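> Okay, handing you the structure first.
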Amino acid sequence: MNVEKIKQKMKIKGFSLYKLSLESEISYSTLHDLIITKKAKNPRIDTLVKIAESLEEKVENLI
């Protein structure tokens, strides 16, 4: 997962982490661990799909 690409797409769409959590139906704490602290290294594919769909992006472009 390319965190910088996700952050860039979030910025373009005007999404905060909270807004992404609402749109993707992924908990704020999970997104925080994935994107901010980078504690979670290997997210499940369904998590990536939800993030990609929320950002109107292909999964392939976020990994």
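> Quickly run through region 13-30 and pick out the residues that are part of a helix (DSSP H, G or I) and either touching a residue at least 24 places away in the same chain (Cβ under 8 Å) or within 13 Å of Leu62 (Cβ to Cβ) (or both).
Lys13, Leu20, Glu23, Ser24
> What pairs can you find where one residue is in region 40-63 and assigned to a loop (DSSP other than H, G, I, E, B), the other is among the charged types (D, E, K, R), and their Cβ atoms are less than 8 Å apart, with a gap of 6+ or different chains?
Short answer, once both residue conditions are applied: Ala40/Asp33; Leu55/Lys9; Leu55/Lys13; Glu56/Lys13; Glu57/Lys9.
> Let me ask something additional. Hey, any hits in region 28-48 for a residue that's touching a helix residue (DSSP H, G or I) at 6+ places or on another chain (Cβ under 6 Å) and of a type in the set (S, T, N, Q)? Walk me through how you get there before you give the answer.
Here is the first cut: in region 28-48, the ones touching a helix residue (DSSP H, G or I) at 6+ places or on another chain (Cβ under 6 Å) are 28, 31, 35, 39-40, 43, 48.
Of the ones still in play, those that are also of a type in the set (S, T, N, Q) are none.
No, region 28-48 contains no residue that is touching a helix residue (DSSP H, G or I) at 6+ places or on another chain (Cβ under 6 Å) and of a type in the set (S, T, N, Q).
> Continuing with this model, one more query. Applying the selection to region 9-19, what residues are out of contact with any Phe, Trp or Tyr (no Cβ under 7 Å at 6 or more places or on another chain) and surrounded by fewer than 12 Cβ atoms within 10 Å (Cβ to Cβ)? Write out each step before concluding.
Of all residues in region 9-19, those out of contact with any Phe, Trp or Tyr (no Cβ under 7 Å at 6 or more places or on another chain) come to 9-16, 19.
Those that are out of contact with any Phe, Trp or Tyr (no Cβ under 7 Å at 6 or more places or on another chain) and surrounded by fewer than 12 Cβ atoms within 10 Å (Cβ to Cβ): Lys11, Ile12, Gly14, Ser16.
Read the figures in this text as sums done on the coordinates, not as results from a lab. Nothing here was measured: the structure is a model prediction, and the numbers come from that model. FYI the Cβ positions are ideal-geometry reconstructions off the backbone, even for glycines, and counts take in every protein chain you see.
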